[in-house]
Every structure is written in structure tokens, then in C-alpha cells.
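Working notes for the structure below.
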Amino acid sequence: MRKFFLTAALSLGVVTAAPAMASEGGHIKRLDWPQDGIFGTYDRASLQRGLQVYQQVCASCHGLKRVAFRTLTDLGFTMDQVKKIAAEYEFEDGPDEEGEMFTRPGAPYDYFPSPFPNEKAAAAANGGAVPPDLSLIVKARRGREDYVYSILTGYEEAPDGFTVPEGGHYNSAFPGNVIAMPPPLSEDAVEYADGTPATVEQMAKDVVNFLSWAAEPKMEERKRIGLRVVIFLVILIGLLYGIYRRVWARVDH
Amino acid sequence: MAFQTNSKIVKWIDRRLPIFSMMHHELYEYQVPKNLNWWYTFGSLAGIILMLQIITGVVLVMHYTPNTELAFDSVEKIMRDVNYGWLMRYMHANGASMFFIAVYIHIFRGLYYGSYKQPRELIWMIGLVILLLMMATAFMGYVLPWGQMSFWGATVITNLFSAFPVIGEALVTWLWGGFTVGNPTLNRFFSLHYLLPFVILGAVVVHLWALHTSGSNNPAGVEIKGKKDWIPFQPYYTAKDMLGFAVFALVFSIFIFYSPDFFGEPDNYIPANPLKTPPHIVPEWYFLPFYAILRAVPDKLGGVLLMFGAILVLFVIPWLDTSKVRSARFRPVYKWWFWVLVFDCLVLGYVGSQPPEGALILIGRLATAYYFLHFLVIMPLVGWFEKPLPVPASIHDAVLADKKAKESADA
């Protein structure tokens, strides 16, 4: 059974013991990501470009509510730069001493604001489909970076005989091949500060790298500690093996 | 040799609370067969993992909020803002899988060497109680992050109880604390998820008490008869188990630090949404064989009963196994059936992970049938008809025979 974004929100499931239904998987492109592998780290320049793509393209429909501006220092920004980025946004705060709410510019402790006040508003503005928050999107999809990249670059002409329902778009990577999201990226949709040519593939890679960081900001710390732990354990195993051999040498076994 | 000390303080305490005498007894006087192989380290390993689960769990609770509105966010706060919170959570989530791996190996080891047989029936049965408690605990723990799979897994599994006639619907409402899986459900699961590990710990103490009453079984399956058959736990098995634990810690670390979501479902990084059913609801891998048994029966009640039966049947195998010989090492026919059972469980696990379509339905049914036939029919019959190999006179003899075989193989 194909599950469309549009109908999925309405599918109030009657659950039986066997609700599993195979959804037709789309075509996923396999890429090498700088954060892959034991020693993989995020590409800071790409993260910064990806932030730009998120802010100028994705953010009009998708939130990033779990990411605080203060954490953008991970991308290689200084705290002053982070303050500037945060100050571009306005936040309602309060109540003040008179009991009034007021607006103030964003600060590093704020989180990226979501574009819609609630899910209903998001659905109403997008033909019934709620654009998901992107904070965890890379971890929340099978195929992770490859999947999100494939969606962003998967807009194609529908093959002959394939009818795309109204409000949908053909996408080679999306399960069922019909996605509610219109093609978000087009050539030169952003102008990169570092002069990198803004091709669709480049922007997709950059924003996926950025979203990968957003989903797993502690990945580098994790791998760094992991390496030390593994080295420690290998040495420990060597020592314990020596002890084991020595202790058991006394046993006739 | 009885416990001796020159310390006045230790003497004073030991006179009133003989904890030092007891430790001395269990470590130095308690007789452990000297031929235990590496498969025997998984028991103490499971105990260590239980402690790790309790420690990481207690730390996680310091930051977790059991409320449907806040649970998912609080887990993400742990991942992002709590110092080493990601480490605690990844240890705890992967630790659950490690716990089941260790315990499943421990159980199959018991099956292979006949550790459930007289006089160790109660050790085996208490172990099964621990398994049931672990399953309940793991299931409820998986619900706590309140992701899509948490919510829908909880919905599917609790709905199973509606299969019971007459009381089914009322029972499910009672379990939920409402008319759907909701905040009361999450709260009680949290409460029980915190309670049950300590119940498991208690059951482990009883398991060990029974074990130290009958003593460990061993690969030869013969009892300790003389001085040459046994060694004290300390330093021999402490050294062996420590090495085993370090190797385990390495494997565990590779998952935690390099593939922390290996056992997880991507869907559980989507906050629970009661209005949107995931296309493919799967339980955690350690439940998959049971899930396959559940789905093998077209009738819901039958499926539920068979699934519970899959564990209950294990309680009676000390009486279903009619062989006088414990260890499969000396049972040329049963040995093969054991490996068929292992394969059968792997098949069931695979079937449980897949949508029930096409040939998999039939394979699932055959595998389920075999699972029960293995215990109810094959075990008693093989025990009667099999001609076992000669059993060694003592553990020491078994060790010498192994040594000889090894030397001739090397030469």
C-alpha cells in the first residue's frame, strides 16, 4: 500500500497484531559523507553553507526547533557571529514587569523558531501536509543522509503512465514516488558567501551535512571518546589475557 | 579452609554479620568445575550488564520526564544538553540489546549442556522468570522515549490482551489506564520500568543462591567427585570472567560509539503521533521470534497463547528431556537437533522482522511448529531412543581426554 503524505495524517489506524505493510521504497543514492566512518568529522565549510540553505530555503516551511543558536559555534562560528545570526530573528518574550508580552531580538540561548504556530496552521498552509521539523530528520529516516539527499535531488518528470495526483510531485526517492513538498532547490537558489557554485547537488549536500549535524551534534565528541575507549580496552584485554594465562597455568586443564 | 583474619574490626563485624565468612566461602571454598568454557562467562556478564543498565537508568531518570507532552523532548535534551547524556542513553539503549544477547547465549548454553536437569531445575526456572521480567522491562522501557515505534509498539502489544474472551476489552482499558495508550499508560510504564530491574536483581540473587546450592554444571555434564575436579572461583574464574567482560566491553563500545542506532528503528526519532500509523510496526529484535510465533496463528487468541506458551514450555523441559546424559557433547543425536533449534529460532527472528507476506507466512508457521515439536516431541523421544556416548568418569578425566584429543590434532 502506498502511503501518501497527504492521506497519512488522516489514517487513523485500526491496529491488529499484524499491521505491517510494505511501502514501496524509492530509489536511494549512495554517497560518501564526510561524517561517515570511524574518523569521520563534519565539514565545517559545508555546515555553514548548509545553514545558509536551511535559512534561505527550508526554513520557510520547516522548523528546526531542537537546535539552539548557541550550538552553532560547532559550525566554526565565533560567539559574536552566533549572536548576530540569532539577532536576525525576533522572539516574543515576557511577561515584563507590567505584565505585557514584548518582542526582542534572538539571543544565543534561543532555539530556531518554527515557521508555523502549530500543526494545524502548518497543514492549512501546505495543502494538508505538515512539513516535518528537521531537527532529527537525518536520524528519523532509513538511509539517513542518503535518503534526505535523494529526496532533495529526486524530483524528475513522472514516467509515462504514472499519474501524479493534484498537489503532489513526482520524486524518485520518496516511498510511493509522490511527495507533497514542491521541489525546494533550484540552481542558484542561494548565493554562497564563499563563492561555491550553488548547484542543486551542492546545496543538497550542504544542507544534508548541516541537518546531519543538527540531528547528532555530539557525533564528533562520541567518536573522539570512542577511540580512546577502544584503545584503552584493547590494552586492558591484552593485560587481562596475560593475567588469565598466568593464573590458569597452575590448573591442569 | 575456614575464613581467618587478624583484623579486630573484621572479626567484630563478622561475628555479628558474617559477610566476610560468606564472601570467603563463595570465592574460595565454593567448588567450581575446572572445565567451564567461554560459554559459561555469559552468566556473570549478564549480571554486570544488569548493573550497568540500573546505573545508566538511574542517571537518565534524573533528566527524563514521563509525560506524553514532554517525554520525547526530555530525551532529546539528554542527547544534546546533558553532559555525556548521549553516552548514558546510548549505553542504556544498546545495553538492553547486549543484555538479551548475553542472556540468550546463556540460555542456549544451558540447553546444550543440560544445565536444566536434576538437580538444577529451579535454577533454570528462576532464570526463565528473569527472562520474563526482562521482557516486560525492556518492552516498557522502549515506550518511554515516546517516539512513533514506542507508541505503536505499545498499542499493538497491549492490544494483544483484548484477545482474551469476555474480560479482554476491560483488561486492555485497565492496562492503559484509559481508552487509548496515553499519559496514564506512559506513567505506569515508567513506574514499572523503574521497579522491575530491582525485582530482576532480587531474582538474580535467588538464581545464584540456587546455583551455589547445586553448583555449576559443566561441559562434561558430570558432577564434581574429587579434589582434581574443581577450582575455587577466585582467582581462576574472576580472571576468566574479567577477560570475558573486557572483550564484551569492546564489542559494546563499538556499538555505543560507532553505531549507536544499529539496533534502533529510525521511526523512533519521530515523536509519537496517534493519528499516523507507521507503515511497518516491528518490535525490538529480541522479541522478533516471539512476534513471528504470535503471527503464525490466524486466530488472535491462539497467537497470544502460543506466544506465551513458547516461554512456558521451557519451564517443563527438565521433565520433557528424558535423557540420563546431561551434556549434548555425549548425545550424538540430540546435538544435531539442538542446532536445528538454534537455526529455527533465527528463522523465526527473521520472519518476525518481515511483513507477513507470501512464503514467509508458511515458513513462519513451519518454524513455529518446529519450535514446539522440538520440546514436546523430539526432546522426549530422542532421550528414549538415542544411544549416548560413554560419559567420562569425572571432570578431570574429561579434561585429560580433551587434552589428548587436542595434542593428537596438533601433531
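The values are calculated or read from the model by the stated rules, or taken from the named source; none is laboratory data. A quick note: this is a predicted structure, and the numbers were derived from the prediction, not measured. When we count neighbours, we look across all protein chains shown, and the Cβ atoms used for this are built from the backbone with ideal geometry, even at glycine. Note: accessible area is taken over every heavy atom of the protein model, side chains too, but ligands, DNA and RNA are not part of it. Shrake-Rupley method; radii C 1.70, N 1.55, O 1.52, S 1.80 Å.
Some values worked out for this structure:
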read-out	value
Approximate spin-label separation B:L70-B:F343, in nm, with each point projected 7 Å along Cα-to-Cβ	5.4
Loss of accessible area when A meets B, both sides summed, Å² nearest 100, probe 1.4 Å	4700
Accessible surface ranking that places the most exposed of B:K404, A:K139, A:K83 first, with a 1.4 angstrom probe	B:K404, A:K83, A:K139
Student exercise, segment B:32-281 dipole from Lys, Arg, Asp, Glu Cβ charges, in Debye to nearest 20	880
Cα gyration tensor category, rounded, prolate or oblate, for chain B with a/c compared to 1.5	oblate
Charge dipole of segment B:32-281 about the Cα centre (unit charges at C-beta), most positive-ward option of B:P274, B:Y142, B:I123	B:I123
Length released on extending from B:S191 to B:A405, taking residue separation times 0.36 nm less the Cα-Cα span	71.6 nm
Residue-normalised accessible area of chain A, given per residue in Å² at a 1.4 Å probe	53
Interface residues, segment B:348-374 - accessible area loss of 10 Å² or more versus chain alone, probe 1.4 Å	B:P355, B:P356, B:E357
Within a Gaussian network of chain B (alpha carbon springs, distance under 10 Å), most fluctuating of B:R15, B:R188, B:R120	B:R15
Most to least accessible of B:S214, B:S150, A:S60 (protein chains only, probe 1.4 Å)	A:S60, B:S214, B:S150
Cut-off of 10 Å, at most 14 other beta carbons, DSSP loop: longest stretch of chain A lacking such GluC sites (Glu not before Pro)	A:25-87
Nearest-10 value in Å² for the accessible area of B:W230, using the 1.4 Å probe	60
Net charge, B:W146 excluded, C-beta distance under 10 Å - Lys, Arg +1, Asp, Glu -1	-2
Peptide B:264-277 - average C-beta neighbours from other chains (10 Å radius)	5
Within the accessible area of segment B:32-281 (1.4 Å probe), percent carbon and sulfur	74
Within a Gaussian network of chain A (alpha carbon springs, distance under 10 Å), most fluctuating of A:L233, A:L31, A:L136	A:L233
Unit charges on C-beta of K, R, D, E only; dipole of the protein assembly as shown, Debye	3900
Segment B:204-245 residues near the modelled B:M22 label - backbone nitrogen below 20 Å, point 7 Å along Cα→Cβ	B:204-216, B:233-234
Inter-chain Cβ neighbour average for residues B:289-298, partner chain, 10 Å	1
For segment A:138-224: rounded, prolate or oblate by the Cα gyration tensor [a/c cutoff 1.5]	oblate
Efficiency of FRET from Cβ geometry, B:I55 and A:R70, R₀ 25 Å, rounded to 0.05	0.25
Positive-pole candidate from A:P95, A:V178, A:T41, dipole of chain A, charges at beta carbon	A:T41
Surface share of carbon and sulfur [accessible, 1.4 angstrom probe, percent] for segment A:15-137	53
Kyte-Doolittle mean at least -1.0 and Cα axial length at least 15 Å: DSSP H helices in chain B	B:42-61, B:85-112, B:121-143, B:148-159, B:183-214, B:238-258, B:300-315, B:334-353, B:359-373, B:395-410
Fully extended contour minus Cα-Cα distance, from A:E166 to A:R250, at 0.36 nm per residue	22.3 nm
Average partner coverage of B:75-81, which counts Cβ from other chains inside 10 Å	4
Given chain A, longest segment not containing exposed loop chymotrypsin sites (Phe, Trp or Tyr not before Pro) (DSSP; at most 14 other Cβ within 10 Å)	A:163-253
Percentage relative contact order, segment B:319-411, counting C-alpha pairs under 8 Å, at least six apart	45
Where the Cα pairs of the protein assembly as shown fall when distances are cut into 20 Å bins, in %	15, 43, 30, 11, 1
A:T71 accessible area, 1.4 Å probe, all protein chains in place, Å² to nearest 10	40
Net lengthening on full extension, B:Y30/B:Y350 (0.36 nm per residue, minus Cα-Cα)	111.0 nm
Value of [θ]222 nm, deg cm²/dmol, for chain A, DSSP H segments ≥ 4, -39500 (n - 2.57) each, nearest 500	-11000 deg cm²/dmol
Burial of 50 Å² or greater, segment A:210-241 residues [accessible area, probe 1.4 Å, versus chain by itself]	A:K218, A:R222, A:V230, A:L233, A:I237, A:L240
Chain B, relative contact order in percent, only Cα pairs under 8 angstrom and at least six apart counted	22
Across B:K34/B:K404; A:K139/A:K223; A:K29/A:K139; A:K83/B:K77, pairs whose alpha-carbon gap is larger than 20 Å	A:K83/B:K77
Label-point separation, B:S214 to B:F108 (7 Å along Cα→Cβ), nm	2.2
